[in-house]
Amino acid sequence: MTIARQPAAAPLLLLTSLYIAQGLPYGFFTQALPVLMREHGASLKAISATSLLFLPWALKFLWAPMVDQIGTRRGWILPIQLIAAMAAAALALIDPAQGFTAVFVAVFAFNALAAIQDVATDGLAVRLLDAQARGLGNGIQVGAYRIGMVLGGGLLLWVYARFGWVPMCLGMSALLAFTCLPVLLHRAAQEDASLRKVRPPIAKLAAGWWPRLRLPGMSLLLALVCAYKFGDAMTASLVGPMLKDAQWPTAEIAVVKGTLGSIMGMVGAAAGGWLAFRLGRRRALLGCGIAQALSLLLYVAAAGMPADRALVWTACIAEHLFGGMATVALFTLMMDAADPEHAGTDYTLLACAVVVAQGLAAFAAAAIGDAHGYVPAFAVGFVAAMIGCALLVVALDRGRGPARLEAVWQKP
């Protein structure tokens, strides 16, 4: 493989830049945008409806086989990142004071581009990382994504609070352009070309995800992945609106939810990658899943006392730390389940389950929050997180997942 001739740091730097590029706009649209909408009087249900704008992430399995089999991954990634940087600059022409319709159109376009780039990136990661390196690789993935979210959900929201909409959009464009540099230096690896010596017809590729979904244990694993992250996603979707309702300044929300939360998520990602390597998949998923669920209890208490800064900050630190650990453990398992020859498609199917879980969780949390308040919503999130963790571990203990997981599930 050509990649073997590269320095060990080269593929890691490449993956870092690619996941930062994904996390940056996602951090802004999921963390900053809800705060801005709440500032303009939007209801929790209206804010949760923005989850529909992330539909391309839930549907990316439809084009994953084509990204897997047509062209090179670099050939997909580089043009998309350059277009995204130009699109971020174009956002400066929109005036959010006139309404959020144009912003929503832009968000959807961003997500369509990012969902294509993500398929190519995940496929590249599966090909570059062997089983032993996947804990580290997924730690980098989640950590880099969190760096992007720090920039998008923390730094850019701070720029907006201090300088306004136009400087924020231009800043996002500059950051996205900067992440293109490692991609420019990357050369399409032999592994990409080797997968495309015989390309199936386009019509067959369009439905290429269906045979992968029908593999024994794959559809069940999708449901288990969804359950594992459901409770945590419920809680995360309501933190910003809760703090805004408690009259927290926008700049302070940016610090605690965007910057501090994402930094702790990076620490959790590093710890989760190390645990997946040292303890094995089962113990990492079980331990991190329980810790993730227990951390949500702090938000139950914080929802009753949102003016208590120390409690809210502690809840944010714990949830992002343990949530980052659980996410890395889960993503490592997802990578284990992917066949390298269909890496983008297999991993994308599982990643779509996470996106679906986040969207459904946001709607569920908003419905409970609007009807009963934040405390019951966060309490339900805690219960859902505990149940999801138990379902995943018990099912895989009984060998219900894909056969590829048997070699790594119990192995330390």
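The values are calculated or read from the model by the stated rules, or taken from the named source; none is laboratory data. It should be emphasised that the depicted structure is a prediction, and the values quoted were computed from it without experimental measurement. Positions of Cβ are backbone-derived with ideal geometry, glycine not excepted, and every protein chain shown enters the neighbour counts. When the accessible area is computed, the model is the full protein with side chains, heavy atoms only, and any ligands, DNA or RNA have been set aside. Shrake-Rupley method; radii C 1.70, N 1.55, O 1.52, S 1.80 Å.
Rg and Dmax over the alpha-carbon atoms of the chain stand at 20.2, 62 Å.
For the pair residue 313 and residue 278, the difference between a 0.36 nm per residue extended length and the Cα-Cα distance amounts to 9.6 nm. Of the trypsin sites (Lys or Arg not before Pro) found in the range 366-412, the ones in coil according to DSSP and having at most 12 other Cβ atoms within 10 Å of their Cβ are 398. Let me make sure I get this right: for the range 1-115, a, b and c are the square roots of the gyration tensor eigenvalues over alpha carbons, sorted descending. Under 1.5 in a/c it's rounded, otherwise prolate if a/b > b/c, else oblate. Which is it? In terms of gyration-tensor shape, prolate. Cross-link partners among aspartates and glutamates for residue 244, C-alpha distance below 16 Å, same-chain residues fewer than 8 apart left out? Filter leaves 39, 252, 308, 370. Seen from residue 346, the other residues with C-beta closer than 14 Å to its C-beta sum to a net charge of 0, counting Lys and Arg as +1 and Asp and Glu as -1. Normalise the Debye intensity by I(0) for the range 88-182, one equal point scatterer per Cα, no solvent, then take log10 at q = 0.12, 0.14, 0.16, 0.17 Å⁻¹ and round to two decimals. Here the Debye-derived log intensity ratios amount to -0.49, -0.64, -0.80, -0.87. Listed by chain and number, the aspartates and glutamates whose alpha-carbon sits under 14 Å from that of residue 60, ignoring those within fewer than 8 places in the same chain, are 68, 118, 122, 346.
Helices of the chain meeting both criteria, an alpha-carbon length of 30 angstrom or more along the long axis and an average Kyte-Doolittle score not below -1.0, with helices taken as full DSSP H segments, are 101-128, 218-245, 281-304, 309-337, 343-372, 374-397.
For the listed peptides 314-325, 270-281, 20-31, a ranking on the average number of other beta carbons within 10 Å per residue, highest first, reads 20-31, 314-325, 270-281. I want to verify a result. In a Gaussian network model of the chain, Cα cutoff 10 Å, which of these has the top mean-square fluctuation: 254, 115, 131? So, out of 254, 115, 131, the one fluctuating most is 131. Estimated purely from DSSP H runs of n ≥ 4, each contributing -39500 (n - 2.57), the mean residue ellipticity at 222 nm for the chain is -24000 deg cm²/dmol once divided by its residues.
Solvent-accessible area of the chain (1.4 angstrom probe, protein heavy atoms only): carbon and sulfur portion equals 70 percent.
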